[in-house]
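First comes the structure, then the notes that go with it.
The values are calculated or read from the model by the stated rules, or taken from the named source; none is laboratory data. Please read these numbers as outputs of a predicted model, since none were measured by experiment. We place every Cβ from the backbone using ideal geometry, glycine too, and count neighbours over all the protein chains shown. These accessible areas exclude ligands, DNA and RNA; they are computed on the full protein's heavy atoms, side chains included. Shrake-Rupley method; radii C 1.70, N 1.55, O 1.52, S 1.80 Å.
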Amino acid sequence: MPAEIQSLATHDAPRESRRTSPPLPEPRGTLSRLVVDTLRGGGSPGPLSLDTHDADPYGDDLQLALYLLYELHYQGFDGVREDLEWDPELLGLRRALEGRFLGALRANCRSTDSAEHALAELLVEPVGYSRTSVGHHLQRDGELWQLREYAAARSLYHLKEADPHAWVIPRLHGRAKAGMVAVEFDEFGAGRPEEIHAQLYADLMEDLALETAYGYYLDAAPAEVLATVNLMSLLGLHRSLRGALIGHFAAVEVTSSPGSRRLAKAMRRCGAGQAAERFYDEHVEADAVHEQVVRRDVIGGLLASEPGLESDVVFGIEATGFLEDRLGARLLSAWRDERSALRTPLEAAA
Amino acid sequence: MPNAPEPAQTAREQRPRRVTIDPEGPLLVEGPVEVVGDDGRVIASRRFTAAICTCRRSRTYPWCDTSHRRRVRRDENAPPDAEPETGTDARTTTRTGKDHDQDSEGEESTDAR
Ligand code: FES
Ligand SMILES: [Fe+2]
Ligand SMILES: [Fe+2]
């Protein structure tokens, strides 16, 4: 190994959550069992036929099955053949599950007339305390165990932060592409591995005495969490949904700065630690920039060249809000009853 | 060749720095930038673009933290579903002076990095 490569490798190498792939999780019903068994068995001997029509599109079973199939495109699973990512039987099953999920989302989103109006609703801040906001709750009343649950649940996304959105890049051009790449560059640490947002999140988890290995909290994550991550993968993997992916990304960036401020305060108030504060402090500042670039250049550029995508941009914004609200309701209802919001409570912090 | 800048870098340095004005929000300035405060303190940002607060409400001044956004009053006592999420209300509500909500109380200036 050349000297400079070696010195970079040994100098302050950050703990990497993605050095290994996670084990396959426990199935949550017939669909997810079929996927787990097929992955474990090295593929399907014949066509995978299973009726998906009765499956709850937001339920644990369908969401986990879809999550497993999507995860083949990111980090895979321990002991699972990597080339199953492009297995036609599994892709066929994925398509059926996606159809259920996407159909339900389209039916549940009310479709505002313009992207500008859909964004305008996100560009205002409530005065005072909002009972339905997880961030407001954590800032004012959150307890450390709730912050740990929140961080564990969100780790399914944040340990691959901005990855699902990178898939849209080859589908963009001009202003939209330049803007999207600039924001993604920032998400990926602007050239410094220790500043990759996913790494900042692993550092936050460390402060909260959580396990930082990729996918560790998959079994603990309820369907509402899986659905938020599946939405990104769904929109990212389909070129036909590029408008919705951009709408989704804009919704995340626009709401992130004030939301991160509340979480930074929650972390400070509970004494979570410096890295925990840092992750959210960084997002207050970064996302105040990102939302501007995404609105002006990414959405502006995309709709200037492809005006027909406006309703998809709106759909992406609304589907994001819809799934975030469902997740928020799940977390808050459990925490208000002093119950764990996860499927399996966390081990106590050491 | 540490002393010979790459052509791309030279071109980038010679390119005029672009500033974009958001009439209701920050100034967007291509980074890296240094901002000199009234007190002479210099604060730097390496970000590809920096959003410089013009409303003076930011709690991470000189960087925008979206505190310039319009604030919507909502009925605290309304049941969650009946709360006006935003809608047309949001676009007609005007800001009155420094109406920081409870968030800002007790916020120390040391938070601004
Ligand atoms: S301009 Fe955004 S906080 Fe002041
Ligand atoms: Fe980020
Ligand atoms: Fe961001």
For A:Ser257, indicate whether it is away from ligand 2 (no atom under 15 Å from the Cβ), open to solvent by less than 50 Å² (accessible area, probe 1.4 Å) and of a type in the set (S, T, N, Q).
-> no
Quick one: is A:Val181 in contact with a strand residue (DSSP E or B) (Cβ under 6 Å, 6 or more places away or on another chain) and either more than 26 Å from A:Val298 (Cβ to Cβ) or surrounded by fewer than 21 Cβ atoms within 10 Å (Cβ to Cβ) (or both)?
-> no
Looking at region A:70-78, is at least one residue of a type outside the set (Lys, Arg), assigned to a helix (DSSP H, G or I), more than 14 Å from chain B (Cβ to nearest Cβ) and open to solvent by less than 50 Å² (accessible area, probe 1.4 Å)?
-> yes
Which members of region A:138-148 meet the condition of being in contact (Cβ under 8 Å) with a residue 40 or more places away in the chain and either more than 21 Å from the chain's Cα centre (by Cα) or open to solvent by less than 10 Å² (accessible area, probe 1.4 Å) (or both)?
-> A:Leu138, A:Gln139, A:Gly142, A:Glu143, A:Leu144, A:Trp145, A:Gln146, A:Leu147
Restricting attention to region A:87-116, the residues that are open to solvent by less than 30 Å² (accessible area, probe 1.4 Å) and either assigned to a helix (DSSP H, G or I) or closer than 29 Å to A:Arg18 by Cβ (or both) number exactly 10
When both residues are 6+ apart or on different chains and their Cβ atoms are under 6 Å apart, which pairs have a first residue that lies in region A:121-132 and is at the interface with chain B (Cβ under 7 Å from one of its Cβ atoms), and a second that is of a type in the set (Ser, Thr, Tyr) and open to solvent by less than 20 Å² (accessible area, probe 1.4 Å)?
-> A:Glu121/B:Thr86; A:Val124/B:Thr86
Out of (1) open to solvent by less than 10 Å² (accessible area, probe 1.4 Å); (2) assigned to a loop (DSSP other than H, G, I, E, B), the odd one out for A:Leu84 is which?
-> (2)
May I ask you to verify whether A:Leu50 is assigned to a helix (DSSP H, G or I) and either touching a strand residue (DSSP E or B) at 6+ places or on another chain (Cβ under 7 Å) or of a type outside the set (Asp, Glu) (or both)?
-> no
Do we have A:Val168 as open to solvent by less than 20 Å² (accessible area, probe 1.4 Å) and touching a strand residue (DSSP E or B) at 6+ places or on another chain (Cβ under 8 Å) here?
-> no
